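Here's the structure we're looking at; comments come further down.
The values are calculated or read from the model by the stated rules, or taken from the named source; none is laboratory data. Quick caveat, the model's predicted, so the values are computed rather than measured. So basically every Cβ, Gly included, is an ideal-geometry build from the backbone, and we count neighbours across all protein chains shown.
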Amino acid sequence: MVVRELEPSIYSVGAIDWDRRLFDELIPLPDGTSYNAYLIRGGEKTALLDTVDPTKEHELLANLEKLGVKKIDYVISHHAEQDHSGVLPAILKSYPDARIVTNSKCKSMLMDLLLIPDDKFITVNDRETVGLGDKTLEFIYAPWVHWPETMFTYLREDKILFTCDFFGSHLATSDLFVKDEAEVYRTAKRYYAEIMMPFRTVIRKNLEKIKKLDMKIIAPSHGPVYDKPEFILNAYRDWTSDEVKNEVVIPYISMHGSTKRMVDYFAGALMERAITVKPFNLTKTDIGELAMALVDTATIVIASPTVLVGPHPNIVYATYLVNALRPKLKFASIIGSYGWGGKMVEQIKGILTNLKVEILAPVVVKGYPKEEDFKSLENLADEILNKHKEHNIVKE
Ligand code: FEO
């Protein structure tokens, strides 16, 4: 339990979750996370911006008590997901005069998810404001980062943009503001990859929408606060741009060593062509590492053995995730091995329906790879290099 002052009369009252290792029962959290909530004391009114995960209810309530908060007028809800909204019912119970301020879509979701009654809400439109006396909250609709109801609050007088999930990082740290930029860059990129990447196009629109705001601070609801907003704005501009890097990501599984031999040989062939290679053994890798590598890579080569008649189930899972995350890939291919036949290639291709990629000729071999198979892998490496050159991914 910790209360810290961001600026005079603006407090961080959320909770750090040092121990959490899985989010949505899907996303690995190697660095823990935080659920940031903020309290703003205006001259006349007090606002709480978001709450915390239900597991941390006692911490938020204790933080408010520590600050001596007797009355909350407004609870701003930027996003209905429970890691930020889950303690709204408890807040309404402890502070019965409080009203939830949000957009109509978020209101409807909060009524569905948390059974909050209609009369507890004040709905606001895009760019509408609510005054706290000497402070003005301006609400900015920012849908699809990463649910349809997401919005931001701009605190005009203090030039702070509160963005909830957007620009967040799953990082448990005692730093209120970003201190270790390399660490935050890595965790924010992982967060972007896992949560935001499928919405790359809409994110660009949202970045455009906030471009003209005079921002001194960006305060997300996961991870440390940005007192140099350009740091995270530039990172997002880069990640959401159409630029890809001269890289090949290789998620792979090998049961008896044939596919592994191919991956090792192929990785070497790519490196000899000065292409960055990122192989991920799916029995050992954290799926977030794979997602992060997909943010920039030009090409993916999926490497699988044949199980029964199709790809290994872990490859199916990873391919499904790649397709769902919609990275800005340009090229894809498949390599691997089989014993007596099957439809591994067709099945992998059949999953990648969301991606606008050119599929390069797969290399699938019977049993352990032989001389001619290594030659085919060399040819695939040549083709990737040529494609990267043609698309200006390799600067000559
Ligand atoms: Fe941090 Fe989408 O919730």
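What to note about this one:
- Cross-chain or 6+ apart pairs with Cβ under 9 Å, the range 263-280 first and charged (D, E, K, R), then part of a strand (DSSP E or B) and crowded, with 19+ Cβ neighbours inside 10 Å: Asp264/Pro279; Lys278/Glu247; Lys278/Val248; Lys278/Val249; Lys278/Ile250; Lys278/Thr297
- Lys356 meets each of the listed conditions (1) under 23 Å from Glu383 (Cβ atoms); (2) under 24 Å from the mean Cα position of the chain (by Cα); (3) modelled with pLDDT of 95 or more apart from (3).
- Residues within the range 331-344 that are of a type in the set (A, V, I, L, M, F, W, C) and closer than 14 Å to Ile300 by Cα, tallied: 4
- So Val69, is it within 16 Å of the ligand (Cβ to nearest atom) and either crowded, with 21+ Cβ neighbours inside 10 Å or more than 30 Å from Thr201 (Cβ to Cβ) (or both): no
- Qualifying residue in the range 333-341 (condition: surrounded by 20 or more Cβ atoms within 10 Å (Cβ to Cβ) and more than 31 Å from the chain's Cα centre (by Cα)): yes
- Taking the range 98-119 as the range and being within 26 Å of Leu161 (Cβ to Cβ) and within 16 Å of the ligand (Cβ to nearest atom) as the test, the residues that pass are Thr102, Asn103, Lys105, Cys106, Met109, Leu110, Leu113, Leu114.
- Residue that is surrounded by the fewest Cβ atoms within 10 Å (Cβ to Cβ) [pool: residues in the range 4-45 that are touching a helix residue (DSSP H, G or I) at 6+ places or on another chain (Cβ under 6 Å) and of a type in the set (Val, Ile, Thr)]: Ile27
- In summary, Thr55 fulfils each of the numbered conditions (1) away from the ligand (no atom under 13 Å from the Cβ); (2) crowded, with 21+ Cβ neighbours inside 10 Å with the single exception of condition (2).
- Counting only helices (runs of 4 or more DSSP H) that fall entirely inside the range 203-322 and contain at least 2 residues that are closer than 30 Å to Gly342 by Cβ and away from the ligand (no atom under 16 Å from the Cβ), the qualifying elements are 258-272, 287-293.
- Among the numbered conditions (1) away from the ligand (no atom under 16 Å from the Cβ); (2) under 19 Å from the mean Cα position of the chain (by Cα); (3) not hydrophobic (A, V, I, L, M, F, W, C), the only one that Thr136 does not meet is (2).
- Met111 surrounded by fewer than 19 Cβ atoms within 10 Å (Cβ to Cβ), among the hydrophobic types (A, V, I, L, M, F, W, C) and free of Cβ contacts under 8 Å to residues at least 12 places away in the same chain: yes
- The range 217-230 residues that are touching a residue at least 40 places away in the same chain (Cβ under 8 Å) and among the aromatic types (Phe, Trp, Tyr), paired with ones that are in a strand (DSSP E or B) and more than 16 Å from the ligand (Cβ to nearest atom) (beta carbon under 9 Å, 6 or more apart): Tyr226/Phe177; Tyr226/Ile217
- For the range 141-195, taking the residues that are hydrophobic (A, V, I, L, M, F, W, C), assigned to a strand (DSSP E or B) and within 16 Å of the ligand (Cβ to nearest atom), the one that is surrounded by the fewest Cβ atoms within 10 Å (Cβ to Cβ) is identified as Met151.
- Taking the conditions (1) closer than 19 Å to Thr283 by Cβ; (2) under 29 Å from the mean Cα position of the chain (by Cα); (3) surrounded by 14 or more Cβ atoms within 10 Å (Cβ to Cβ) in turn, Met344 satisfies each one other than (2).
- Complete set of residues in the range 72-97 that are away from the ligand (no atom under 13 Å from the Cβ) and among the acidic types (Asp, Glu): Asp73, Asp97
So that you can scan it fast, the table gives a plain yes or no per residue for (1) under 11 Å from the mean Cα position of the chain (by Cα); (2) among the charged types (D, E, K, R); (3) farther than 26 Å from Val124 by Cα:
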| position | (1), (2), (3) |
| --- | --- |
| Leu161 | no, no, no |
| Lys189 | yes, yes, yes |
| Glu194 | yes, yes, yes |
| Pro198 | yes, no, yes |
| Lys205 | no, yes, no |
| Tyr226 | no, no, yes |
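- Test: residue in the range 320-328 that is hydrophobic (A, V, I, L, M, F, W, C), surrounded by fewer than 20 Cβ atoms within 10 Å (Cβ to Cβ) and outside the structural domain of Leu22 (by TED's automatic domain parsing): yes
- Any chance Pro198 is farther than 15 Å from Thr240 by Cα, surrounded by fewer than 21 Cβ atoms within 10 Å (Cβ to Cβ) and within 14 Å of the ligand (Cβ to nearest atom): no
- Filter pass, Asp119 being more than 26 Å from Asp24 (Cα to Cα) and in a loop (DSSP other than H, G, I, E, B): no
- Within the span defined as the range 315-327, one or more residues are within 15 Å of Lys245 (Cα to Cα) and modelled with pLDDT of 95 or more.
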